[in-house]
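Engineer: If you scroll down you'll find the structure; I have some questions about it.
The values are calculated or read from the model by the stated rules, or taken from the named source; none is laboratory data. On a predicted model such as this, the values are computed, not experimentally measured, just so you know. Virtual Cβ from ideal backbone geometry, glycine too; neighbours counted across all protein chains shown. Heads up: the accessible areas ignore ligands, DNA and RNA and are worked out on the full protein's heavy atoms, side chains in. Shrake-Rupley method; radii C 1.70, N 1.55, O 1.52, S 1.80 Å.
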Amino acid sequence: MDHREPAVPGDATARPYERGPYRPVPQVDTATAVRRAEQGTVAAAARGLTKTYGLGDVRVPALRGVDLDLPRGRFTAIMGPSGSGKSTLMHCLAGLDRPDGGTVAVAGIELTSLDDDALTIFRREHVGFVFQAFNLLPMLTAAENILLPLELGGQRVDDAARERARMLAEILGVADRLGHRPAELSGGQQQRVAIARALITRPDLLFADEPTGNLDSATSTEVLDHLRRSAHELGQTVVMVTHDRDAAAYADHVVTMRDGRIV
Amino acid sequence: MRTVFLASLRTHLRRHVAAVVAVATAVAFVVVVGVLTAGARAALIERLGAPYRNADLVVSPVGWPASHMKPEDVIAFAERLGENASAIGRASLPLRAGGRRIPEAGVGPISTVERWRWQPLESGRFAVRGGEAVADVHFALANDVSIGDRLVIGEGAAAAAVRVVGLVESPSPPAQADVYVTWPQLLRWRDRLHLGSVAVRGEAGTLPPGGKAQSPEAFAEERLTAVQNQVDSVRVMLLLFAGVAVFVAAVVVTNTFAILFAQRLRDFALLRCVGATRRQVARSVRLEAAAVGTFASLAGAVAGAALGYGLIAAIDLVAPDTPVVAAAPPPSWLLGGVAVGLVVTVAAAWSPTRRVLRVSPLAALRPDVAAGPRTGVGRARAALAVLPAAAGFALLAAAVMQHGVALMLAGGGALFAGVLLLGPVLVPRLIRLPIGLFGPTGRLAAENAARNPRRTATTAAALLVGVTLTTAALTGMATWRAALDEHIGGRHPIDLALTSAKGPVGADVLDRVRRTPGVERAIAVPGAVARVSGLDGPFPVVAAPAAAEVARDGGAFAQVEPGTIKIDFEAFRSGPGLRPGEQVTVRVGERQARLRVAAGSGWGPAGVVAPQTLAALTGTPEPHAVWVRAAPGADPARLGGDLDELADPIDATIENGLRTWESLDRQLSVLSWSVLGLLAVAIVIALIGVANTLGLSVLERVREHALLRALGLTRAGLRRTLAIEALLLSATATLLGTVLGVGFAWSGYETVIRPALREAAFHIPWPSLGAVVLATTLAGLLAAVLPARRAARVTPAAGLSFD
């Protein structure tokens, strides 16, 4: 794997990553959480999140009151079996869905007060995504996929942006595949292109939803390593949702969920 | 498999909606054609049978039309039955009306008994005694006969004078005559009488020799063959248009099934894994198609019947003269329409089913099957598709050179087939052309449209057919009309001409002419009254440098060389008695000139000379003619009548050339609008296809759209992407279709029109074509509205977990 000098150093002080059980969150209110986020220790904070799907007989409570702080510059894993609500939690934190109750603050912005267009713009500017599959648009090349968030923002893709895209691709080891379409890339290469795309806007949060679900163990290791290095070398806040213990082991903090609650 | 079949039918019903609508529309078209033609036939039979409406029997010759009954026998038979019989026929007699002699006019009987009077009264009253007559409306118009006129029928000893007391219509062709008199009056010419049938009430008794009795319905059916041809040719034309609609519907339905089945690949694969054989799955799918087709066809038949009868009612309100009535629904047409819809749907499902079943079950179950199979066209196939296109070009070139219509049709068909086959190669490239135009959303849209070449091409093909035919028809008709305009313009340059051979036409007359409703422009033409050797009586001679203001040929006819006098040969009922090229002496007062005669037509009994010639003949020219240009839509008969009133006091004559113009204009307009309306149906079906393709594609791309929304594309942005995709598709198809259509029209012009009308120029109706392009493109944009809203409504989270 390439060890390159990052051209954009984040927090230069490389913090050793901490292992161990997750420390419970002290009970603070939203205002404090927001302030903390503004001060830079917490990238995102959620208080009292609830979300229920369906009505009547088929009602499924996905989140039953979740409080969470996501530390800045760290790699956090949200773990749990299927149906534990981890994907729902991620969707609410990322602004992909609205919780039924509770509040979410990301980078000092209170999400629950934003309308749909504002949420969309928020995502564009502050969040990056890597999914388990269907990460890339099949009819665009890798380079075009990486630059997609900038284009959607209506910005003209200038040379600086293209250079940054190329640099990210080099760091991730897919620089020679930039002109290829996703169908011509392996699973691991696709995920790495997705990570590059997630990083191009320098987001406050990078969310990864089961990023290694479809990959073999060697490729999984590569991808997880890239995610970890994004956090440690680029100062990126990375949140990964997974059901795989081995994958969660790469994270600095692990949050475990069961039946819609953090345990 | 029955539970699977029923369940999938229920689940996927919504996705079949567009296909149902397309097939139903085509079937409705066919049924409407059937209802209308049946209605036309029924109306014609009704009119034909008008004289026999109140009859129990009709007596007509056995072995008609070969044999006939002797008039004396028929007269005796009719006289015997008295009021219970009405003989139908006519005598061909010379007729004198207002100083004119018509050598052969048809004179028929009009009954004094209400029951047997079948001629509807237009104005005046019926003839009830000898010496009175009613004239057919069209005969009266053509021969300047009006109520109160005195006609002399017959010649010599058999002549009789009658007075016209009314005008009537003659709806029944076998019984038609120009003038109707009472039966006793008609018997005066019994030796010239030809009686084809007798309507009888009650018992007939002994029939005249050679006669047979039948019911009025049977009689009408027998006589219908003559009129049948009219109805038949219209029916064939309408069927052609229905055929186009059916073809377009077939394309849309095939595309729908292709997309739908590709989306259900997983389901089919699962069924096969679980144990269903290929044949079982195929049968279930085809049954589904048959169910959809049956429903669509039945719905279409019902809708078509309702629409057909509604149209007949509307026609009755708007143009009650048109021969069409609400007849019984024609069973063969209904069944035929339903059969066509069913066959089209089942046939359309055939190929997509086979393609889907060829995929191995496990391959379809793998999770990385992204949005639908990529369907491109191999190089070999593309090369093969160039052949018919090239052949088409060659055939068209040959057709143009040799003026062969068959060659042209073959060439056009081959070229079009080639373009359709090349579609998957051509269309995506064309769509990507304006790629920079709409920004990043535009690029996404273009890429989306181009990524599935065969599907995009098929959708575009449906629209292409409709647009090509419409633009070809528009251009062809515009060229033909322009050519005819010029042609007629040459023969009837002046709409109405008021000519005075006596005193000059005063300024007040000119003023009143100008103020007459329907007159667009009128000019006074200066001249003088002359005596021309070879012509009886005073003859006005005029010079008209300002003719271009009112003439339909730009004044060309009035540009006469000095030394020539141009005479309207048509203005003399039996010719002027002069020959073109002859030298005549024209005398005005003391002066005279020797001029050569040239022939022309369309401005009335006045000789046109060059201004120099007129100046040589008189120093004081006065207006002796007023030439009128009518406003569009002016009623020729009424305008002629109005101007007649103005002309009578000063003893001037009126030449009315407007009638020819007007009827031609009206016919062409009706034809144009009908063709456009019929083709519009095909275009509407094709646009349904665009909406359908887009809607189904949206279903495939739910995860992609969720990804885009997650990455930061707003809802409006997503809608915009889909709208641009639809816009690109319809704009490409429309523009390509317009180019093809104009090209085909040009080849038609070169092959058919130019040899016939040499001065005809190729005329491209830019405004109409622009309107078609704009309307179709905008409609394509509209087609995206519903799919786009549906796509934008899905939250990103829901879309990401979509399966």
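Engineer: For region B:739-795, enumerate the residues that are hydroxyl-bearing (Ser, Thr, Tyr), surrounded by fewer than 19 Cβ atoms within 10 Å (Cβ to Cβ) and part of a helix (DSSP H, G or I). Step through it out loud before you land on a result.
Structural biologist: So in region B:739-795, the residues hydroxyl-bearing (Ser, Thr, Tyr) come out as B:747, B:749, B:751, B:768, B:776-777, B:795.
Next cut, surrounded by fewer than 19 Cβ atoms within 10 Å (Cβ to Cβ) only: B:768, B:795.
Scanning region B:739-795 gives a single hit, B:SER768.
Engineer: Please find, within region B:99-141, the residue that is most open to solvent (accessible area, probe 1.4 Å) out of those that are touching a Lys or Arg at 6+ places or on another chain (Cβ under 8 Å) and either among the small types (Gly, Ala, Ser) or over 28 Å from B:ARG201 (Cβ atoms) (or both).
Structural biologist: Ranking the candidates gives B:ARG100 first.
Engineer: Oh, and also: Considering only residues that are more than 13 Å from B:LEU498 (Cα to Cα) and among the aliphatic types (A, V, I, L, M), look in region B:520-533 and name the one that is surrounded by the most Cβ atoms within 10 Å (Cβ to Cβ).
Structural biologist: If we take residues in region B:520-533 being more than 13 Å from B:LEU498 (Cα to Cα) and among the aliphatic types (A, V, I, L, M), then B:ALA530 is surrounded by the most Cβ atoms within 10 Å (Cβ to Cβ).
Engineer: If you check A:ALA208 against the conditions, is it away from chain B (no Cβ under 12 Å), open to solvent by less than 50 Å² (accessible area, probe 1.4 Å) and without any contact (Cβ under 8 Å) to a residue 40 or more places away in the chain?
Structural biologist: Values: away from chain B (no Cβ under 12 Å): yes; open to solvent by less than 50 Å² (accessible area, probe 1.4 Å): yes; without any contact (Cβ under 8 Å) to a residue 40 or more places away in the chain: no.
Answer is no for this residue.
Engineer: Run down A:GLU151, A:GLU163 and say which single residue is of a type outside the set (Val, Ile, Thr), within 14 Å of another protein chain (Cβ to nearest Cβ), surrounded by fewer than 22 Cβ atoms within 10 Å (Cβ to Cβ) and free of Cβ contacts under 8 Å to residues at least 24 places away in the same chain. If you could, list the steps in order and put the result at the bottom.
Structural biologist: Details: A:GLU163 fails: within 14 Å of another protein chain (Cβ to nearest Cβ).
Only one candidate passes the filter, namely A:GLU151.
Engineer: Also, I was wondering about something else. Test B:GLY148 against the stated conditions and say whether it is surrounded by fewer than 16 Cβ atoms within 10 Å (Cβ to Cβ), over 28 Å from B:GLU46 (Cα atoms) and in contact with a helix residue (DSSP H, G or I) (Cβ under 9 Å, 6 or more places away or on another chain).
Structural biologist: Numbers: surrounded by fewer than 16 Cβ atoms within 10 Å (Cβ to Cβ): yes; over 28 Å from B:GLU46 (Cα atoms): yes; in contact with a helix residue (DSSP H, G or I) (Cβ under 9 Å, 6 or more places away or on another chain): no.
Answer is no for this residue.
Engineer: Which members of region B:447-474 meet the condition of being under 20 Å from B:LEU722 (Cα atoms), at pLDDT 85 or above and of a type in the set (A, V, I, L, M, F, W, C)?
Structural biologist: Residues satisfying the conditions are B:ALA457, B:ALA460, B:ALA461, B:ALA462, B:LEU463.
Engineer: In addition: I'm trying to understand the selection: among the residues of region B:459-510, which are under 17 Å from B:SER669 (Cβ atoms) and of a type in the set (Asp, Glu)?
Structural biologist: As a first pass, look at region B:459-510 and keep what is under 17 Å from B:SER669 (Cβ atoms): B:470, B:473-485, B:488.
Listed by number, the list holds a single entry, B:ASP485.
Engineer: Is it true that B:LEU671 is open to solvent by 20 Å² or more (accessible area, probe 1.4 Å) and either under 30 Å from B:LEU240 (Cβ atoms) or in a helix (DSSP H, G or I) (or both)? So that I can check it myself, show each step before the final result.
Structural biologist: On the way: open to solvent by 20 Å² or more (accessible area, probe 1.4 Å): yes; either under 30 Å from B:LEU240 (Cβ atoms) or in a helix (DSSP H, G or I) (or both): yes.
Answer is yes for this residue.
Engineer: Test of understanding: among B:ALA716, B:ALA723, B:ALA682, which residue is part of a helix (DSSP H, G or I), of a type in the set (Gly, Ala, Ser), out of contact with any strand residue (DSSP E or B) (no Cβ under 9 Å at 6 or more places or on another chain) and within 14 Å of chain A (Cβ to nearest Cβ)?
Structural biologist: Selected residue: B:ALA716, the only one of B:ALA716, B:ALA723, B:ALA682 that is part of a helix (DSSP H, G or I), of a type in the set (Gly, Ala, Ser), out of contact with any strand residue (DSSP E or B) (no Cβ under 9 Å at 6 or more places or on another chain) and within 14 Å of chain A (Cβ to nearest Cβ).
Engineer: Check off (1) more than 14 Å from A:LEU96 (Cβ to Cβ); (2) modelled with pLDDT under 85 for A:ASP116 and give me the number that stays unchecked.
Structural biologist: So A:ASP116 meets the others, but not (1).
Engineer: Go through region B:685-700 and give me each residue that's within 14 Å of chain A (Cβ to nearest Cβ) and either open to solvent by less than 10 Å² (accessible area, probe 1.4 Å) or free of Cβ contacts under 8 Å to residues at least 24 places away in the same chain (or both).
Structural biologist: First, pick out the residues of region B:685-700 that are within 14 Å of chain A (Cβ to nearest Cβ): B:697, B:700.
Result: B:SER697, single match.
Engineer: Any idea which of (1) in a helix (DSSP H, G or I); (2) among the polar types (S, T, N, Q); (3) open to solvent by 30 Å² or more (accessible area, probe 1.4 Å) is the one A:THR201 doesn't satisfy?
Structural biologist: (1) is the only condition that A:THR201 fails.
Engineer: Just a yes or no: is a residue in region A:216-229 at pLDDT 90 or above, within 14 Å of chain B (Cβ to nearest Cβ) and buried (at least 23 other Cβ atoms within 10 Å of the Cβ)?
Structural biologist: Checked against the condition, which is being at pLDDT 90 or above, within 14 Å of chain B (Cβ to nearest Cβ) and buried (at least 23 other Cβ atoms within 10 Å of the Cβ), region A:216-229 yields no hits at all.
Engineer: Continuing with the same structure: Run B:ALA28 past the list (1) farther than 30 Å from B:GLY275 by Cβ; (2) surrounded by fewer than 24 Cβ atoms within 10 Å (Cβ to Cβ) and report the number of the one that doesn't hold.
Structural biologist: (2)
Engineer: Does B:PHE241 satisfy the condition of being open to solvent by 60 Å² or more (accessible area, probe 1.4 Å) and not charged (D, E, K, R)? Lay out the reasoning, then the answer.
Structural biologist: Working: open to solvent by 60 Å² or more (accessible area, probe 1.4 Å): no; not charged (D, E, K, R): yes.
Criteria not met by B:PHE241.
Engineer: Would you mind stating whether B:ALA306 is assigned to a helix (DSSP H, G or I) and under 12 Å from B:ALA348 (Cβ atoms)?
Structural biologist: Working: assigned to a helix (DSSP H, G or I): yes; under 12 Å from B:ALA348 (Cβ atoms): no.
Taking the combined requirement at face value, the residue does not satisfy it.
Engineer: Could you tell me whether region A:65-83 includes any residue that is buried (at least 16 other Cβ atoms within 10 Å of the Cβ), within 13 Å of chain B (Cβ to nearest Cβ) and part of a loop (DSSP other than H, G, I, E, B)?
Structural biologist: No - not one qualifying residue is present in region A:65-83.
Engineer: Hey, does region A:179-199 have a residue that's touching a residue at least 12 places away in the same chain (Cβ under 8 Å), more than 9 Å from chain B (Cβ to nearest Cβ) and charged (D, E, K, R)?
Structural biologist: Within region A:179-199 (the criterion being touching a residue at least 12 places away in the same chain (Cβ under 8 Å), more than 9 Å from chain B (Cβ to nearest Cβ) and charged (D, E, K, R)), the answer is yes, since at least one residue qualifies.
Engineer: I'm trying to understand the selection: among the residues of region A:124-144, which are facing chain B (nearest Cβ under 10 Å), in contact (Cβ under 8 Å) with a residue 40 or more places away in the chain and not in a loop (DSSP other than H, G, I, E, B)?
Structural biologist: At the first step, the residues of region A:124-144 found to be facing chain B (nearest Cβ under 10 Å) are A:124-129, A:131-140, A:144.
With in contact (Cβ under 8 Å) with a residue 40 or more places away in the chain added as a condition, the list becomes A:124-129, A:131-133, A:135-140.
Those that are facing chain B (nearest Cβ under 10 Å), in contact (Cβ under 8 Å) with a residue 40 or more places away in the chain and not in a loop (DSSP other than H, G, I, E, B): A:ARG124, A:GLU125, A:HIS126, A:VAL127, A:GLY128, A:PHE129.
Engineer: Looking at (1) open to solvent by 30 Å² or more (accessible area, probe 1.4 Å); (2) more than 8 Å from chain B (Cβ to nearest Cβ); (3) closer than 24 Å to A:ALA43 by Cα, which one does A:ILE121 not meet, given that it meets all the others?
Structural biologist: Answer for A:ILE121: the failing condition is (2).
Engineer: Would you check if A:ARG98 is touching a helix residue (DSSP H, G or I) at 6+ places or on another chain (Cβ under 8 Å) and either part of a helix (DSSP H, G or I) or among the aliphatic types (A, V, I, L, M) (or both)? Don't jump to the end; show me each part of the working.
Structural biologist: Working: touching a helix residue (DSSP H, G or I) at 6+ places or on another chain (Cβ under 8 Å): yes; either part of a helix (DSSP H, G or I) or among the aliphatic types (A, V, I, L, M) (or both): no.
Considered against the rule, which asks whether it is touching a helix residue (DSSP H, G or I) at 6+ places or on another chain (Cβ under 8 Å) and either part of a helix (DSSP H, G or I) or among the aliphatic types (A, V, I, L, M) (or both), A:ARG98 comes out as no.
Engineer: Looking at region B:42-63 only, could you name the residues that are surrounded by fewer than 20 Cβ atoms within 10 Å (Cβ to Cβ) and part of a loop (DSSP other than H, G, I, E, B)?
Structural biologist: Selection gives B:ARG53, B:ASN54, B:ASP56, B:VAL62, B:GLY63.
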